[in-house]
Every structure is written in C-alpha cells, then in structure tokens.
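Report on the following structure.
The values are calculated or read from the model by the stated rules, or taken from the named source; none is laboratory data. Source: prediction; values computed, not measured. In this analysis, Cβ positions are derived from the backbone assuming ideal geometry, glycine residues included, and neighbour counts consider all displayed protein chains. Side chains are part of the model used for accessible areas, which takes the heavy atoms of the whole protein and leaves out ligands, DNA and RNA. Shrake-Rupley method; radii C 1.70, N 1.55, O 1.52, S 1.80 Å.
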Amino acid sequence: MPVSERRLLVSIHDVAPCFESEVDRLADLIDARLGPARYAMLVVPDHWGRAPLAQAPAFQARLRGWAERGVEMFVHGWFHRDSSRHQGAAGFKARHMTAGEGEFLGLSHADALQRMADGKALIEDVIGRPAAGFIAPAWLYGPGAMQALAECGFPLAEDHFRVWRPGHEDKPLAKGPVVTWASRSTMRTASSLAFAALARPALQPLKTLRLAVHPGDVTKPSIVGSVDATLRAFSRRHVPGRYADLIE
C-alpha cells in the first residue's frame with residue numbers, strides 16, 4: 001500500500017486543567033515528530049470531580065487556540081471516574097482494564113446520554129466548533145453508553161480495537177489495536193513498553209495506526225522514550241492524519 005494511503009492517528013487523553021503541564025509536554029513531543037497540531041485531544045469536562053473545565057477560563061482559551069490550529073477535540077466522558085458497581089464480564093473489565101476510570105462501563109442509558117450531551121455542549125461552546133466525536137474513558141462502553149452514542153450525534157467513536165460512526169450500523173472505519181502505555185505500576189509499564197516494541201514492526205501493514213498517550217506517561221523517562229521511538233517508526237510509513245479523514 002502506498003504511504004499516501006496509510007494513516008497515523010495520534011491522541012492525547014485526559015486533557016484537563018489539572019494536567020496542563022503534562023499535556024504541554026506531550027504536545028511538544030508529538031509536534032517535534034509529526035509537525036504542529038497533527039493529533040487529537042480527548043477533553044474531560046470535570047476530571048474526577050476536581051478539575052471543572054467550566055471554571056477554568058485560561059485553559060478554555062488554550063483549548064480554543066489548539067482547536068483553531070487544527071487539533072481535533074473529542075469529548076472524553078464527564079468525570080473519567082467509574083462510580084458504578086459491576087458484575088460478570090463488566091466486573092472483569094473494571095478490575096483489570098483500568099484503575100477505576102471506566103466511567104461509561106456501567107452507566108444507564110439515561111445517565112450516559114446526559115453526560116454525553118452535557119460534555120458535548122460544554123466542549124463545543126469552549127472551542128467554538130463541533131466536537132470531533134466521543135471516546136469513553138479507558139475505551140470502555142456498557143450497553144447504556146452504546147445506546148446513547150447512537151442518539152447523541154457524535155460523528156465518531158473509538159475503542160481499543162476500532163473506530164466507527166455511531167448510528168451507522170457500527171461498521172468500523174479503522175481496525176487494529178491502539179498502542180498506548182501504562183504508568184501506574186512497574187509491571188504494567190514493563191508490559192506496555194514490550195507491547196510498543198513489538199507493535200512498531202508488527203502493526204506496520206495496517207492501513208490505519210493509532211497511538212494514544214496520557215499525562216502520566218511523562219512521569220517515566222522509559223515511556224517518553226518509547227513514545228518517541230513509536231512515533232518515529234510509525235511516521236516513516238504512515239502519514240499523520242485526522243480522525244475526520246476516516247469519514248471523508
């Protein structure tokens with residue numbers, strides 16, 4: 001496949017006033033490898049109930065500036081904190097796939113719809129343009145969230161293994177694992193570093209590659225080095241693009 005037909009999608013997760021300095025470092029790292037504003041930001045309206053975007057006018061101005069330069073802005077939950085009680089498969093996901101941050105895994109349809117709609121309204125008001133889509137915290141969606149997605153009018157959604165258009169028969173626009181890192185424990189960090197090292201050559205045949213970074217990544221030099229190496233490897237054969245390109 002020609003390089004011009006291969007796409008690299010990069011995103012910064014957990015964008016919130018409480019992580020402004022970390023987001024700046026991640027943006028600088030990506031800019032250095034891909035060029036300015038060649039990535040998406042996933043914005044949390046009130047991270048863990050402690051960082052309300054609505055009360056952070058200076059950070060709002062920064063978000064608008066990033067959006068005006070071409071950064072795609074996704075709604076990323078509301079609190080990013082999971083307060084639901086889970087059983088069965090959902091309980092396994094809540095315990096092993098995230099550290100209490102799968103906010104939309106156990107929400108009812110009504111609660112999921114309300115948080116999606118409120119997040120969409122707030123972020124669109126801040127950036128002065130439509131949101132690029134919705135991505136659930138930890139990429140985890142329960143049945144209520146999936147139903148709400150189809151009703152909320154988001155152009156795009158994403159999970160660990162695909163990107164799709166909600167309400168359009170959920171046909172994937174891109175498939176394949178997203179490469180990301182874990183900083184909350186030594187074991188998880190080592191595992192994510194190993195996966196990234198394997199992914200750099202193994203995922204090259206995919207038409208669309210996805211890479212996601214989090215504020216905690218900048219706390220570990222080993223992760224920063226791995227992110228940089230993965231950006232370099234992926235951008236050799238894939239053109240940095242926008243999620244909106246998947247629709248167009």
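Ordered by 1.4 Å accessible area with all protein chains kept, 22, 68, 169, 248 run largest first as 248, 169, 68, 22.
Only Cα pairs under 8 Å and 6+ residues apart enter the sum, and on that basis the relative contact order of the chain stands at 25 percent.
Rolled with a 1.4 Å probe across the full set of protein chains, the surface gives residue 79 an accessible area near 70 Å². Residues whose amide H comes within less than 5 Å of that of residue 210, counting only those at least five positions distant or on another chain, are 9, 179 (H built at 1.01 Å from N in the peptide plane). Lys and Arg at +1, Asp and Glu at -1: add these up for the other residues within a Cβ distance under 11 Å of residue 216 and post the number. My count for the surroundings of residue 216 gives 0. Expressed as a whole percent, the accessible surface of the chain that belongs to carbon and sulfur atoms is 53, based on a 1.4 Å probe. Here residue 120 sits with roughly 50 square angstrom of accessible surface, probe radius 1.4 Å. Divide by every residue of the chain the summed helix terms, -39500 (n - 2.57) for each DSSP H run of at least 4, and state the resulting mean residue ellipticity at 222 nm, rounded to the nearest 500 deg cm²/dmol. Value at 222 nm, helices only: -13000 deg cm²/dmol.
In the assembled protein chains, residue 59 presents an accessible area of approximately 10 Å² (probe radius 1.4 Å). Accessible surface ranking for 180, 219, 1.4 angstrom probe, highest first: 219, 180. Straight-line cross-link reach from residue 175 at under 18 Å between alpha-carbon atoms covers these aspartates and glutamates, not counting any fewer than eight positions away in the same chain: 5, 158, 159, 245, 248. Across 24, 125, the residue with the most accessible area heads the list, and the full order at a 1.4 Å probe is 125, 24. Protein heavy-atom accessible surface, 1.4 Å probe, per residue over the chain: 45 Å². The stretch between residue 202 and residue 190, if pulled fully straight at 0.36 nm per residue, gains 2.5 nm over its current Cα-Cα span.
Here the extension length gained between residue 146 and residue 236 equals 28.9 nm, from 0.36 nm per residue of separation less the Cα-Cα distance. For region 50-83, the residues whose amide N sits under 19 Å from a probe point set 7 Å from the Cα of residue 159 along the beta carbon direction are 75-78, 80-83.
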